[in-house]
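Colleague: If you scroll down you'll find the structure; I have some questions about it.
The values are calculated or read from the model by the stated rules, or taken from the named source; none is laboratory data. Quick caveat: nothing in here was measured; it's all calculated off a predicted structure. Every residue, glycine as well, gets a Cβ built from its backbone with ideal geometry; the counts of neighbours run over all protein chains shown.
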């Protein structure tokens, strides 16, 4: 029983380069600070538009009180993310995370 | 007209044929099995097929209804995707394990009674473990742990079935009662396979250690078969709601901490199956439809995510977030297809997760469970955070790890593309999935508040991710889980062995000494007297007879045999003296005579060798004359005797 041998090997300290057309296309987007700034701007605009637009969206099944708060889901998503990261990392460092050779 | 061909049949036959096939035929059989099984299911007619009557019970191999069919469809599709992805693998064993595993999962889905279910349940465990073991020698221990947990689950299931049947429940597998020891044990057996904490640790322990394509099968079958049997056997069991919500959050917490890319995804299987378990607990038609459809979508997008990360491990040989980075340039196709899976699991509108996960959350809202709906939404923020943002960010972007990689072989890309297509297809055309759902519940995912709400939640999650990016940097650690109890708590187990069990054993030994050894001592005493009185005199008498016989033999030896030997020895000695004389005077004398004759002859011939030609010529003439005389004298006798005459001159 042999482990599958990876096709490629890595060279430490060397930056990888795109070789395929798709890779070069992505490289043009993500390696260009100008494009990234535009993406960021678009992202914030979308957040604003969605938050404001949520006021006008008709609620089909408004059951709980928070269903009427505009952009509630946005706030909830942000708070959830922060809670997940902070609490998980706290539990992890306090209790769960061990060195990689813990079981050896 | 054939009403139903059991899909398991195709898989098992293909597995049996595989070792005898090579090249293209082998590939055709590999892909043909799931395809034929799929089309067989499309044409099957609902009802009960394959009933075996034995011992007054009915064993049903093929219970075909909408619920089993929808799982049958997605299992065959998942098997096809997995087999396409693993087509480059040449080791027959891996494919055979995968085929048997997929086939037995289908067997469990179409089983109509508890015993048939149990049998396929066990085949699943014992075939899937080979997908772990084929990874290499270091996976041996992981495989054993995996097998131990599933054996425990199997025993719980079998014990539960036995108690349930003994109490008059019958062996038919339909909705089971929520109370009683039998159904509880059956439920525990199901929950172990569904990876419900605290019985979940086998999943993140074993899955990331399985073979590169093996994990695609692992991610599809075991937990989803468990979801199927929960929907079938325990709909509306209240305990499943808190368990499911716990699962959904549990996986999210561990995913924050995890450094191994495939283990991170394994924790998200637990999280996603949590939605399904919670939905089964809610038990309404909409919730059960949500559980089934979410299982359907989950098999496809989780398969895609696992294929993506397995490709990364396959092509780079690395599996840790801390060692990866910057791969989007060199593995752009893998990156693109992975992201489709990431959007699907995160429930972005137009992807499959959106049309199924929202159904579960809507079901919770419908029955007024605000805590459940909020906690499941929180978990879905965590899902996007990890599988849609953190994992691709640290694998494909972040710090360039300088890995010289490229996209995987075409068949692996094809497997991923197939799954990606299904993810988008179901997201765009949910009716395709909804019309095969088993329960009657009208649901429309694409309403304004659903779509905007989902987008708001996801995009603000992304905002939170980029705000706290520094905190999320992966750390080279492992996280302890409930498998700690059977991996690290061995000293505790040894205490149990040494103290209470050893004390118990001492009592048993004490009883053994008093009850068995002591009577034994009396028996041995008795046999001692028997020895002294009867056996010893007998032995002594025998010994005396023997002694007399030995002394008689010795006398015979000394007087008769030795004397004979001496006589023969003397005779031989006398003969030796005579032959000595004979040799000395007769044999040597004859040899000397011959030698002397030679000496005389040599002197005569020496005279003849004068060196003068005329002397030799004289001798030749005399010789020729003598030969001529001999010829004339014996002419009459010659023709019949002399071969030269007969063949040469005649």
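Let's see how each residue does on (1) more than 34 Å from the chain's Cα centre (by Cα); (2) closer than 22 Å to residue B:437 by Cβ; (3) in contact (Cβ under 8 Å) with a residue 40 or more places away in the chain:
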position: B:333; (1), (2), (3): no, no, yes
position: B:338; (1), (2), (3): no, no, yes
position: B:342; (1), (2), (3): no, no, yes
position: B:345; (1), (2), (3): no, yes, yes
position: B:365; (1), (2), (3): yes, yes, no
position: B:370; (1), (2), (3): yes, no, no
position: B:382; (1), (2), (3): yes, no, yes
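Colleague: Return the pair list, or none, for Cβ contacts closer than 6 Å from residues in region B:469-484 that are more than 9 Å from chain A (Cβ to nearest Cβ) to residues that are loosely packed, with under 15 Cβ neighbours inside 10 Å, at least 6 apart or on different chains.
Modeller: B:482/B:198
Colleague: Let me ask something additional. Only one of B:244, B:281 is under 19 Å from residue B:201 (Cα atoms) and either part of a helix (DSSP H, G or I) or more than 14 Å from every other protein chain (Cβ to nearest Cβ) (or both). Can you tell me which?
Modeller: Every option except B:244 fails the conditions.
Colleague: Further question: Restricting to region B:96-113, count the residues that are surrounded by fewer than 24 Cβ atoms within 10 Å (Cβ to Cβ) and part of a helix (DSSP H, G or I).
Modeller: Residues meeting the conditions: 2.
Colleague: Report whether or not residue A:47 is in a helix (DSSP H, G or I), more than 17 Å from the chain's Cα centre (by Cα) and either within 21 Å of residue B:473 (Cβ to Cβ) or within 9 Å of chain B (Cβ to nearest Cβ) (or both).
Modeller: No.
Colleague: Just to confirm my filter: which helices (runs of 4 or more DSSP H) fall fully inside region B:433-496 and include at least 2 residues that are within 32 Å of the chain's Cα centre (by Cα)?
Modeller: Those helices (runs of 4 or more DSSP H) span B:484-487, B:490-496.
Colleague: Give region B:348-392 a look and list any residue that's within 11 Å of chain A (Cβ to nearest Cβ) and under 24 Å from residue A:16 (Cα atoms), or say none.
Modeller: Residues satisfying the conditions are B:389, B:390.
Colleague: Restricting to region A:87-104, give me the number of residues that are facing another protein chain (nearest Cβ under 8 Å) and either closer than 13 Å to residue B:456 by Cβ or assigned to a loop (DSSP other than H, G, I, E, B) (or both).
Modeller: Number of matching residues: 4.
Colleague: Follow-up question, since we're still on this one. Have a look at B:72, B:112, B:62 and point out the one that is outside the structural domain of residue B:337 (by TED's automatic domain parsing), within 21 Å of residue B:5 (Cβ to Cβ) and modelled with pLDDT of 95 or more.
Modeller: Among B:72, B:112, B:62, only B:72 is outside the structural domain of residue B:337 (by TED's automatic domain parsing), within 21 Å of residue B:5 (Cβ to Cβ) and modelled with pLDDT of 95 or more.
Colleague: Scanning for something outside any helix (DSSP H, G or I), surrounded by fewer than 17 Cβ atoms within 10 Å (Cβ to Cβ) and more than 12 Å from every other protein chain (Cβ to nearest Cβ), does region B:417-432 turn up at least one residue?
Modeller: Yes, there is a match, as at least one residue in region B:417-432 is outside any helix (DSSP H, G or I), surrounded by fewer than 17 Cβ atoms within 10 Å (Cβ to Cβ) and more than 12 Å from every other protein chain (Cβ to nearest Cβ).
Colleague: Any idea which of (1) at positive phi; (2) in contact with a strand residue (DSSP E or B) (Cβ under 7 Å, 6 or more places away or on another chain) is the one residue B:6 doesn't satisfy?
Modeller: Of (1) at positive phi; (2) in contact with a strand residue (DSSP E or B) (Cβ under 7 Å, 6 or more places away or on another chain), only one is false for residue B:6: (1).
A quick yes/no check of all residues on (1) more than 8 Å from every other protein chain (Cβ to nearest Cβ); (2) exposed (fewer than 13 other Cβ atoms within 10 Å of the Cβ); (3) assigned to a helix (DSSP H, G or I):
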| position | (1), (2), (3) |
| --- | --- |
| A:22 | no, no, yes |
| A:27 | no, no, yes |
| A:37 | yes, yes, yes |
| A:42 | yes, yes, yes |
| A:60 | no, yes, no |
| A:66 | yes, no, yes |
| A:70 | yes, no, no |
| A:81 | no, no, yes |
| A:85 | no, no, yes |
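Colleague: Identify all residues within region B:317-329 that are in contact (Cβ under 8 Å) with a residue 40 or more places away in the chain and surrounded by fewer than 24 Cβ atoms within 10 Å (Cβ to Cβ); write none if there are none.
Modeller: B:318, B:319, B:320, B:321, B:322, B:323, B:325, B:326
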